[in-house]
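Below: the structure, in structure tokens.
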Amino acid sequence: SWKDHVQHVDRVLKLLEEKQLYSKNFKCFFGVQEVEYMGYIVSHEGVKVDPSKIKAIKEWKTPHP
């Protein structure tokens, strides 16, 4: 559930702080359906290539003999 998720995130953040490990806020995403990471889209459905990375390939015209 969402409540369980929030509790887990809170616990992880507290453990990281105890070990003096920190993250940059602009690199953290919470409560989102998907994130872009290194040219990929990661979601609950799995990992797929970011469409913007393959746009040019998809738009190539088929060569005609």
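Here are a few things to note about the model shown:
- Candidate set from the stretch 20-48 (those that are under 10 Å from the mean Cα position of the chain (by Cα) and among the hydroxyl-bearing types (Ser, Thr, Tyr)); member that is nearest to HIS5 (Cα to Cα): SER43
- Tabulated pairs, the stretch 3-32, first more than 21 Å from SER43 (Cβ to Cβ), second among the β-branched types (Val, Ile, Thr), C-beta under 9 angstrom, 6+ apart or interchain: none
- Residues of the stretch 1-43 satisfying the condition of being touching a strand residue (DSSP E or B) at 6+ places or on another chain (Cβ under 8 Å) and surrounded by fewer than 10 Cβ atoms within 10 Å (Cβ to Cβ): GLN33
- Every residue from the stretch 25-65 that is under 16 Å from VAL9 (Cβ atoms) and among the basic types (Lys, Arg): LYS27
No value in this document is a laboratory result; all are computed from the given coordinates. Here the structure is a predicted model, which means the values were calculated and not measured. All Cβ positions, even for glycine, are placed from backbone atoms using ideal geometry, and neighbour counts span all protein chains on display.
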